[in-house]
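For reference, the structure discussed in these notes is given below.
Just so it is clear, none of the values below were taken in a lab; they were calculated from the coordinates. What you see is a predicted model, and the numbers here were worked out from it, not measured in a lab. A quick note on method: Cβ atoms are made from the backbone with ideal geometry, for glycine too, and the neighbour counts reach across all protein chains shown.
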């Protein structure tokens, strides 16, 4: 939809919007923040941070709308609601545990595993797989994990994002695919990251935000040339073009347009399991604002 001119007397409302510099997020939000779709009286102040920093920032209530890990959302439900569009959920896209040597997960008991943050869904999955692993983890930026494993600073690493495609370049071996484990255990897609909005924004505005994000996703998905847009490439940490394309095609899918019924079942299953293990606090608040 081509943006239409606003009446000069119409007040503009600016909302803070947090998302990561990863290709899937910049791909999703490009049209929204660059005026490619009609946002009416809304403007967005985009704040690009790595996912764990977004998680921590959301815990402080500093962002109106933000991408977070589902692990973090589990502890944010009293103040934030889930949006149906813009998230990362699917099959064959889960986090991996890698090491410099061939081994099994049982061999890593008592060994140090680097994780991309304590509020990431990757770390939640590791704890659901076996809670014993929480006793020997070391948090670090996700982009540093493979180097730490290769250089022997840690025994193994829990990797996310484009690391799925690049870990062989570091001579690393896949020990387990936790997304694959989840899918076999539950039969459901794996919920990784979501877009949430403050509940105090109200029903009308929240529904408008869902619609705008959905339009932004559809705008990008309908234009193949968007895969290599300058905005996406300049934030992609100098990733190879083929990796950028694989990254977007893996993490942006129909669930990014709308989470759907099986996506909702997957989210509820993940949060229920995390509550049962005491990893996240219980909440009586609904996932969505309505």
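Please build a GNM for the chain, connecting alpha carbons under 10 Å apart, and tell me which residue among 167, 129, 30 fluctuates the most.
Comparing 167, 129, 30 in a Gaussian network model of the chain, the most mobile one is 129.
Could you tell me which label, among (1) 17.6, 55; (2) 17.2, 48; (3) 18.9, 66, carries the value of Rg and Dmax of the Cα atoms in Å calculated for this structure?
(3)
How high is the relative contact order of the stretch 20-85? Use alpha-carbon pairs under 8 Å, at least six apart in sequence, and give a whole percent.
Across the stretch 20-85, relative contact order equals 26 percent.
As I understand it, the value is the acute angle between the Cα axis of helix 260-276 and the longest principal axis of the Cα atoms of the chain; what does it come to in degrees, rounded to 10?
50
Counting other C-beta atoms within 10 Å, which of 81, 103, 194 has the fewest, and how do the rest follow?
Listed from fewest to most nearby Cβ atoms, that is 103, 81, 194.
Which shape class, rounded, prolate or oblate, goes with the stretch 96-186 when its Cα gyration tensor gives a ≥ b ≥ c as root eigenvalues, a/c under 1.5 marks rounded, and past that a/b bigger than b/c marks prolate?
rounded
In degrees from 0 to 90, rounded to the nearest 10, what is the angle of the helix 23-33 Cα long axis to the longest principal axis of the chain?
Taking the Cα atoms of the chain, the angle to 23-33 is about 10 degrees.
For a quick check: sort 176, 280 by the number of other beta carbons within 10 angstrom, fewest at the front.
176, 280
Which of rounded, prolate or oblate describes the stretch 158-290 when judged by the alpha-carbon gyration tensor and an a/c cut-off of 1.5?
Oblate shape, in that a/c is at least 1.5 and b/c is the bigger or equal ratio.
Restricting to Cα pairs below 8 Å that are 6+ residues apart, what does the relative contact order work out to for the stretch 96-186? Please round to a whole percent.
Once normalised by length, the contact order is 46 percent.
Compute the acute angle (0 to 90°) between the alpha-carbon long axis of helix 203-221 and the principal axis of greatest extent of the alpha-carbon atoms of the chain; round to the nearest 10°.
Helix 203-221 and the main axis of the chain meet at about 70 degrees.
What ranking do 119, 83 get, fewest neighbouring Cβ atoms within 10 angstrom at the top?
83, 119
With runs of 4+ DSSP H residues as the only contributors, calculate the mean residue ellipticity of the chain at 222 nm using -39,500 (n - 2.57) per run, divided by the residue total and rounded to the nearest 500.
Result for the chain: -11000 deg cm²/dmol, rounded to the nearest 500.
Relative contact order for the stretch 203-290: what is it in percent, counting Cα pairs under 8 Å that are at least 6 residues apart?
In percent, rounded to a whole number, it is 32.
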